[in-house]
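J.: Handing you this structure, nothing more for now.
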Amino acid sequence: MPPPLKLLTLVVAASAFSRIPNPTPNPEPHISEVGSAVVGTKETTLSPLKPAPNSLCSPDPDLLAWDTGPELPQIDVPQTYKGWLKVPILHDQPSLKELGIPLGYTAVRVAVMTKCAKGAKPILTHCGGPASGNECLIVDHFESTKHLLGNGMYDNLAITQRGIEKSDVSHDTDDDSPVPFKQDDGKTPVKRFPAIACYRFSSVYAIRAVKSAYEFAGLNWASIAAKLEKAMQSSYPATYMQMDKELVQLYAELVQAASIECRQHPDYQLGTNLVRGQMVYQDFMGTVDLAHDLDILRRAIGAEKLSIWGVSYGTEVGASYASIYPARVDKLILDGNVAISSEIYAAAELWALSYEETWNGLSAACTADFFTMVGPTGSVNIVSDADRLDQCAAAPYPSQKLTAKLDKDGDAKLDDLVEASVIFNMIMGMLEHMGAHGVDPIGSMLFACVQSYFQTGGFESEGCSWEVNTADPSFNLERHLSNSAIWNVTSRVHQDVALVRAVDMKGRLSPSGLSNLWSQLIDKHPFGFLRAANILLIGTAANLPRPVPPYGSALDTLAPLIIGQFGDPATTYTAAQVMQQNFKNGVLLSWQGYKHGLPMMSGLSDMASTNFHSAGYGAAECTDKMAKYLETGELPANGDVCPINGPAAGALGKGRAIKCRECGRAWESPDYCDSLGDALAVCMSLSSKPLPLLPPTVPAPPSSPPSPPPSPPMPAPPSPPTSPIDPCDDVSCRLAKKTCGELKNLPIDNSRRCGGTLFKILKCAEPCGKCCDLP
């Protein structure tokens, strides 16, 4: 008689975090290697048992390990977690294994902001550079998109790019956590990809090496050394050298020597072979390497597709991934598209053009301010001083003013390189910060400084707050070369842009060839050529190039949102148009504002807010359309434009620069310029007066005693203590407290960046300094 049938239950683990025990005391059924179970006397074929699928909160442990993993079930509010991703040093390493030189694996840092919500879609955000790190979790930074994290629709991922050292900016001490992976032998630890740092052009090593090369080649070092010494005595040695044809060749020779030395650094060695020669980490930190790393991250979290939101250089990251893995892309946002080419001549032209276009646009807007004062007869109407403050300080013709000031002999040459290097650094610095923070107040300050320089030869006039670097007229080249302990000229620095671009770009030029290219750029783009300075490092680099593929995909399902800005100092608007042509199913959304990428600020719709004046002006319309694309997949109409009010949105008026003059280097924190300037004025007043300022609503005491009231007076309040009254009770110091609170809510890298300005203002008077308790 056959044995009685028994009900057997198979229980499979739901995840790595939870195990459900078998609820019956019966023994486990026999499961064969082919997946069959015996139930009574009948054998039934079953599907092989599979582990639970990987997910972001339970990733593939062989590829991704969180430092402290997210906890299941779903978290109430989004939390940030960091971990390590294991990737091959070279993604086509099997070809090297055949040569007997397996490179093995390395590890890069990743982060995520997540609720571990079921069905959440991964989106990788890259903030550009190349220097973006795992701190680039920007979905939560936009008012229009932060709800997509709060409702669990998206998980926001970020990655620290190979060779990039972000701890210098983010002060992320947990990036030093140990890498938990092993190489294929199961014993050798996997090491993190090192942060690459090389000598400066002005280092003792670089100058000594080039001096030796000149002497070995029988060239005249003494004559060029005299010019180098003069350059090193200036406020901006690099800019000084880049404005002289002979010295720019020497500059290229110095950076070439530093680049080759960097390849000899013992920490960066990976071995040699007959095919590739010497292999170093620098050869494997290109954009294509990053794109392959992103796909490993996608696999590690078990995602079928990955959305990418790239800003600035991040548009190249997103476009490269979408071109290599088009079927694995969900949503693709490319904002602030970088006009870069894999060919060095075209790249130099595009870089220089970005500054040139922005300067010309702002200059035209500045000149237009003047003609608003011209009456119907062609004569200038007399306007009040208050109205004049609404006009651009350098109007009209700021470009001609600079040219006239610099070309003292009228021969279209820069007569004084020291003077020219200062003014061009001012322009370059303010355009850089305009790209990061917006047109207001930087635009007004830029032209206030141009006018100040034109009238006085300096930067001390109303509204100009540019601080010139201290020059070193005592610099002595011979003494410099004999003293290798000078930290600021011998220390290694992270040259992120040049290191990554040197892998991405084909073509190298000799130093003399670069000098000729540079002379052409100066002639063609007299205000924008310095934007292309990285070409001098890339063109002489010893890296083996591995350029990115041409962008684009024929997949009908890949329809990116491409966003361009008309007044972008970091790139050209043409770059956005070209990107849309590459991804023919995508659409182009344009913003008329002056900034690199859409502003990540609050209050962009509030015309009374400081952020609206700093970088808003119609940006909210674009950010709303971007959010709708992420949420519903609906794209705006191709060619949509988010407008602003006027050429520069009225942000060039001299009055705005004067109002922010006391902010010091206001471009470090323009979002808070108005409120901080007011707080500073009150602090300075309080620190110079023994009595606190009265609130404006309290009337001044009468000059004669008032008549007795008909009813008995109220009891007098107790006398105030004799100790000083806390000035933090003053309404304007409360404003400073509010500003501190806003600053605390910024991402750590932003608060570090503008914290110096805030502390400078709040330290103006110790009592008011107590209003803020920033760490």
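J.: Taking θ = phi - 60°, what integer Hz values does the Karplus form 6.51 cos²θ - 1.76 cosθ + 1.60 yield along segment 458-473, in sequence order, with x for Gly and Pro?
T.: x, 10, 10, 6, 4, x, 9, 10, 7, 10, 6, 4, 6, 6, 10, x
J.: Regarding segment 513-556, what whole-number volume in Å³ per residue does the convex hull of its Cα atoms give?
T.: Values: hull volume 5.6 nm³, N = 44.
It comes to 127 Å³ per residue, whole-number rounded.
J.: Here's another thing I want to ask about it. Between T188 and Y345, what is the FRET efficiency for a Förster distance of 41 Å, r being their Cβ-Cβ separation, to the nearest 0.05?
T.: 0.40
J.: With no solvent and one equal point scatterer per Cα, compute the Debye intensity ratio I(q)/I(0) for segment 458-607 at 0.20 Å⁻¹ and report its log10, rounded to two decimals.
T.: -1.37
J.: Quick one: putting +1 on the C-beta of Lys and Arg, -1 on the C-beta of Asp and Glu, what dipole do you get for segment 410-480 around its Cα centre, in Debye to the nearest 20? Present the calculation step by step, with values, prior to reporting the outcome.
T.: Numbers: 2 positive and 11 negative charges, 22 e Å.
Computed charge dipole of segment 410-480: roughly 100 debye.
J.: What net charge do the residues around G336 carry, taking every other residue with its C-beta under 10 Å from that of G336, with Lys and Arg at +1 and Asp and Glu at -1?
T.: -1
J.: Going through the cross-link list K405/K654; K524/K595; K115/K584; K401/K595, which pairs have a Cα-Cα distance over 28 Å in this structure? Intermediate values should be presented prior to the final figure.
T.: Numbers: K405/K654 21 Å; K524/K595 24 Å; K115/K584 35 Å; K401/K595 25 Å.
Over 28 Å Cα-Cα: K115/K584.
J.: Once you list every other residue whose beta carbon is under 12 Å from the beta carbon of K305, what net charge do they have if Lys and Arg are +1 and Asp and Glu are -1?
T.: Value of the local net charge: +2.
J.: Starting from 0.36 nm per residue, how many nanometres of slack lie between T574 and T470 once their C-alpha separation is accounted for?
T.: 33.6 nm
J.: Over segment 317-430, what portion of Cα pair distances is larger than 25 Å, expressed as a whole percent?
T.: Roughly 51 percent, rounded to a whole number.
J.: Give me the net charge of L350's neighbourhood, meaning all other residues with Cβ under 15 Å from the Cβ of L350; Lys, Arg count +1, Asp, Glu -1.
T.: Residues close to L350 contribute a combined charge of -4.
J.: Same structure, new question: Once you wrap a convex hull around the alpha carbon atoms of segment 226-379, what is its projected area averaged over all directions, in nm²?
T.: 17.8 nm²
J.: Separate question: With a point put 7 Å past each Cα toward its Cβ, work out how far D407 is from E631 in nm, to one decimal.
T.: Computed distance between label sites D407 and E631 equals 5.4 nm.
J.: Continuing with this model, one more query. Give the residue list of trypsin sites (Lys or Arg not before Pro) in segment 338-435 that are DSSP loop and have at most 12 other beta-carbon atoms within 10 angstrom.
T.: Passing both the DSSP loop test and the Cβ count: K408, K413.
J.: Find which of A206, Y236, N220 sits farthest along the positive direction of the dipole of segment 142-255, computed with +1 on the beta-carbon of Lys and Arg, -1 on that of Asp and Glu, about the Cα centre.
T.: My answer, from the dipole projection, is N220.
J.: Where the accessible area of segment 288-358 is counted over protein heavy atoms with a 1.4 Å probe, how much of it, in %, is carbon and sulfur?
T.: The C+S portion of the solvent-accessible surface of segment 288-358 is 48 percent.
J.: Take peptides 507-519, 183-195 and line them up by average Cβ neighbours within 10 Å, highest first, as a rough protection proxy. Can you show the working numbers first?
T.: Numbers: 507-519: 17.9, 183-195: 13.2.
Peptide ranking by packing, descending: 507-519, 183-195.
J.: Consider a paramagnetic label point 7 Å from the Cα of L481 along Cα→Cβ; state which residues of segment 222-250 have an amide N under 12 Å from it.
T.: So the set is 222-226, 228-229.
J.: For segment 252-330, what mean projected area does the convex hull of the alpha carbons give, in nm²?
T.: Convex hull of Cα atoms, orientation-averaged projection: 7.8 nm².
J.: Can you work out ³J(HN,Hα) from phi for every residue in segment 590-600, in order, using Karplus 6.51 cos²θ - 1.76 cosθ + 1.60 and θ = phi - 60°, giving whole Hz and x for Gly and Pro?
T.: Along segment 590-600, the couplings run 10, 10, 7, x, 9, 5, 9, x, 5, x, 9 Hz.
J.: Tell me which GluC sites (Glu not before Pro) from segment 446-526 have a DSSP coil assignment and no more than 13 other beta carbons within 10 Å of their own.
T.: E460, E467
J.: In the structure displayed, which of K82/K628; K121/K146; K121/K628; K86/K305 lie more than 22 Å apart, Cα to Cα?
T.: Where the Cα-Cα span goes over 22 Å, the pairs concerned are K82/K628.
The values are calculated or read from the model by the stated rules, or taken from the named source; none is laboratory data. Not measured: the values here are computed from a predicted model. A quick note on method: Cβ atoms are made from the backbone with ideal geometry, for glycine too, and the neighbour counts reach across all protein chains shown. Only protein heavy atoms, including side chains, enter the accessible area calculation; ligands, DNA and RNA are left aside. Shrake-Rupley method; radii C 1.70, N 1.55, O 1.52, S 1.80 Å.
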